[in-house]
Amino acid sequence: MNPPRRKTKSHSVWTAEHDTAVRRLADAAQEVKHSDTPSSQQQLRSAVDAARDMGIGWTKIGDTLGIASGNAYHRYRKRTTQQRCDANGTHG
């Protein structure tokens, strides 16, 4: 008898759009370092959400932000209510 097969993660192909999302993330992180304002924090959160929407993993996000992937996950895993509404195409 053969053992059950393990599920494997499917990986998408890395595109120029992924590069753009990572650059946006790095730029937003740099802006927060220079001027830690609510606006810059919001831009960073938006950049993280956009990266996640593209399928970019927490390891790459953490590396880009200069923090551990687990820390990136815990800090940015939850979206605000407005961001969830915008992502679903609803307003409210």
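Charge tally around M54: other residues with Cβ under 11 Å, Lys/Arg +1 each, Asp/Glu -1 each, net -1. Phi angles across region 63-75 convert, under the Karplus curve 6.51 cos²θ - 1.76 cosθ + 1.60 with θ = phi - 60°, into 3J(HN,Hα) values of 4, 5, 7, x, 10, 5, 4, x, 5, 4, 4, 5, 6 Hz, Gly and Pro given as x.
Whole-Hz Karplus values for region 15-25 come out as 10, 4, 5, 5, 4, 5, 5, 5, 4, 4, 5 Hz, taken residue by residue from phi with 6.51 cos²θ - 1.76 cosθ + 1.60 and θ = phi - 60°; glycine and proline positions read x. A simple spin-label model places pseudo-atoms 7 Å from Cα toward Cβ; at M54 and H18 they are separated by 1.0 nm.
Where a number appears in this text, it was derived from the coordinates with a stated rule and is not lab data. None of the values given here were measured: they were computed from a predicted structure. Virtual Cβ from ideal backbone geometry, glycine too; neighbours counted across all protein chains shown.
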